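Take a look at the structure set out below.
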Amino acid sequence: MRILQPYFDGLTQGKLLLPHCRSCGKVHFYPRHACPHCWGEAYDWKPAKGTARVVTHTRVLANPPSAFEHLLPFDIAIVALDEGVSMLTNVVDSASLAVGDELKLDFVQRDGKTLPVFKTAR
Ligand SMILES: [Zn+2]
């Protein structure tokens, strides 16, 4: 958890911080203990621009994990952030989401935590 603390601290401040490896300079997501490119373990945490595009998506209509039942129906998507990394996320305002749609970062409060979500940029 300690290595991920900057990520969670950023969310509470309304920022999606991405780990930029100090050894190879590459960015990755999801945050993890070691850089998947070079195994470096030191990062600079820089805010994402907050723009992304839909890579793939689906609408969940039934039988989600119980913690998500109150959100039905909801859209989940894999999005490509402008920084070149992918992220599994919730798109919160999509009536007709399509591959390639531009999205903007937003945040929601769920169970006392600030979580990153996306909205359509239309
Ligand atoms: Zn690296």
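Regarding the stretch 103-110, can at least one residue be identified that is open to solvent by 60 Å² or more (accessible area, probe 1.4 Å) and assigned to a strand (DSSP E or B)?
yes
Scanning the stretch 16-61 for residues that are in contact with a Phe, Trp or Tyr (Cβ under 8 Å, 6 or more places away or on another chain) and among the basic types (Lys, Arg) returns Arg22, Arg59.
Assigned to a loop (DSSP other than H, G, I, E, B), open to solvent by less than 30 Å² (accessible area, probe 1.4 Å) and near the ligand (Cβ under 8 Å from one of its atoms), is that true of Gly40? So Gly40 fits the description; yes.
I need the full set of residues from the stretch 1-37 which are assigned to a loop (DSSP other than H, G, I, E, B) and either more than 15 Å from the ligand (Cβ to nearest atom) or touching a Ser or Thr at 6+ places or on another chain (Cβ under 6 Å) (or both), in order please. Of everything in the stretch 1-37, those that are assigned to a loop (DSSP other than H, G, I, E, B) and either more than 15 Å from the ligand (Cβ to nearest atom) or touching a Ser or Thr at 6+ places or on another chain (Cβ under 6 Å) (or both) turn out to be Met1, Gln13, Gly14, Lys15, Leu16. Every condition in (1) away from the ligand (no atom under 16 Å from the Cβ); (2) within 14 Å of the chain's Cα centre (by Cα); (3) open to solvent by 40 Å² or more (accessible area, probe 1.4 Å) holds for Val91 except the one numbered (3). Kindly establish whether Trp39 is free of Cβ contacts under 8 Å to residues at least 60 places away in the same chain and touching a Pro at 6+ places or on another chain (Cβ under 7 Å). In short, no.
The values are calculated or read from the model by the stated rules, or taken from the named source; none is laboratory data. All figures in this text were calculated on a predicted structure; none of them were measured in a lab. Using ideal geometry, Cβ is built from the backbone for each residue, glycine included, and neighbour counts are taken over all protein chains shown. Quick note on the areas: whole protein, heavy atoms, side chains included, nothing else; ligands and nucleic acids left out. Shrake-Rupley method; radii C 1.70, N 1.55, O 1.52, S 1.80 Å.
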